[in-house]
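Below is one structure; the comments refer to it alone.
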Amino acid sequence: MTVAPFVQSWAPLKIDALGIVTMLGAKQVDTWIGRLTYSYITDMLPLLGAFVIAGNSFTEPIPGFVLHNVTDGIVATDLAGWFTRWLLCQNISFSQTTISISLARRPRSRPTFLIAYSLAVLSIVPVMALSVLGSDWWGFANTVAMAVSILVRKVVTELNRTALDVASDEAEATDLEEVKVFLTMSTGQGLIIRTSRAIVIKCLLSTPQIPKSSFYNLIRGLGWLAFGCHVIALGMSSFVVQLITVVIMVSATVLATRGVGDTESRIGRRLLLERSDLEGKAARARLFANLDMTETEENSMVHWNMFPQRSNAHWWSRYQTCKQEKSFEKWGEMLILKP
């Protein structure tokens, strides 16, 4: 029995492969790929929602985040898209998390680089070979489009990482004075950011500018072309190729959106993000205490409605007591005590 008749005729059921690759997983891919982290498992695997990369929506800012630069008395509501997505994927604890951001140089590890490309070959070549053996040329076109989409995603994300590296270099050359930053997320959690003023301005508040924008747009255009060809070719492919393609893409997307193989603490080759969480009962006042604010900085927090007004003597007296004792462990009990 030859392969071709089986590949072309076997179809025990029908699946909406087009709907799966065009509708499912787009939001998740936007969030997880937009973090710009590197994964030696999923970095070169075919994912759902390829149009997210071609459309560049994974770089757009996410509304609802507010950054309070307590040191300089500045509030910013437009944060870089990569940073907001990175935070959303961190499962931030309520008022217990501190993120320290510093600069360090990291060469790429060759073994992990080879693993990513080997997995890409294993996910594409077998489907391509089956399509050729089964004389399913639509299936062959489908796998070629998948391969092109992978390369487009790789180039686009690498260009964004490189732009962030350039911004990090500029930050290192300008101002490394540390500032006190409190950030509220779109989901309501609050956290402290410990980093320099220049990193805040260059990397966290500004979306990195791609140096070769014309080449970047050309690659994105190629991504749209590959996505269109993939949609058409997959719909015309044999059931066997459709089924295998969907299984591979869904499985890879699940792995990617679970952070499998990710190096979450490294963005590009310069930025190092380290997380720490307070132990014990969550209280925003405990988080504020770690900022060790001056009176001027506390007044800024009052102005931003992050602290109650000075007229609330009950709250302020207990806050100052806990601050002097350097202990906010019993903050909740102290608040309910009568003045």
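Evaluate segment 176-189: report whether one residue or more is under 23 Å from Ser39 (Cβ atoms) and either at pLDDT below 90 or touching a Ser or Thr at 6+ places or on another chain (Cβ under 8 Å) (or both).
No, segment 176-189 contains no residue that is under 23 Å from Ser39 (Cβ atoms) and either at pLDDT below 90 or touching a Ser or Thr at 6+ places or on another chain (Cβ under 8 Å) (or both).
Given the condition within 30 Å of Pro126 (Cβ to Cβ) and at pLDDT 90 or above, answer yes or no: does some residue in segment 195-216 qualify?
Looking for residues that are within 30 Å of Pro126 (Cβ to Cβ) and at pLDDT 90 or above, one finds none in segment 195-216, hence no.
Against the conditions (1) at pLDDT 90 or above; (2) in contact with a helix residue (DSSP H, G or I) (Cβ under 8 Å, 6 or more places away or on another chain); (3) farther than 23 Å from Asn217 by Cβ, where does Leu18 fall short? Just the number, please.
Result: Leu18 passes all but (1).
Kindly establish whether Ile53 is at pLDDT below 90 and hydrophobic (A, V, I, L, M, F, W, C).
Spelling it out, it is not the case that Ile53 is at pLDDT below 90 and hydrophobic (A, V, I, L, M, F, W, C).
Looking only at segment 73-102, count every residue that is closer than 16 Å to Ser206 by Cβ and either touching a Gly at 6+ places or on another chain (Cβ under 8 Å) or of a type outside the set (Val, Ile, Thr) (or both) and tell me the total.
9
On the basis of being within 26 Å of Val166 (Cβ to Cβ), surrounded by fewer than 19 Cβ atoms within 10 Å (Cβ to Cβ) and over 21 Å from the mean Cα position of the chain (by Cα), does Ser206 make the cut?
The answer is no for Ser206.
Within segment 220-247, take every residue that is crowded, with 19+ Cβ neighbours inside 10 Å and β-branched (Val, Ile, Thr) and give me the one that is nearest to Asn160 (Cα to Cα).
Checking each candidate, the answer is Thr245.
Out of (1) in a strand (DSSP E or B); (2) buried (at least 18 other Cβ atoms within 10 Å of the Cβ); (3) not polar (S, T, N, Q), the odd one out for Glu274 is which?
Evaluating Glu274 over (1) in a strand (DSSP E or B); (2) buried (at least 18 other Cβ atoms within 10 Å of the Cβ); (3) not polar (S, T, N, Q) leaves (2) as the failure.
Failed condition for Ala120, given (1) of a type in the set (A, V, I, L, M, F, W, C); (2) in a helix (DSSP H, G or I); (3) farther than 24 Å from Gln242 by Cα; (4) in contact (Cβ under 8 Å) with a residue 60 or more places away in the chain, with all others met?
All conditions pass for Ala120, except number (3).
Tell me, please, whether a residue that is surrounded by 16 or more Cβ atoms within 10 Å (Cβ to Cβ), at negative phi and among the polar types (S, T, N, Q) can be found in segment 113-125.
Yes, some residue in segment 113-125 is surrounded by 16 or more Cβ atoms within 10 Å (Cβ to Cβ), at negative phi and among the polar types (S, T, N, Q).
The values are calculated or read from the model by the stated rules, or taken from the named source; none is laboratory data. Only a predicted model underlies this, so the values are computations on that prediction, with no experimental measurement involved. Note that each Cβ is placed from the backbone with ideal geometry, even for glycine, and that neighbours are counted across all protein chains shown.
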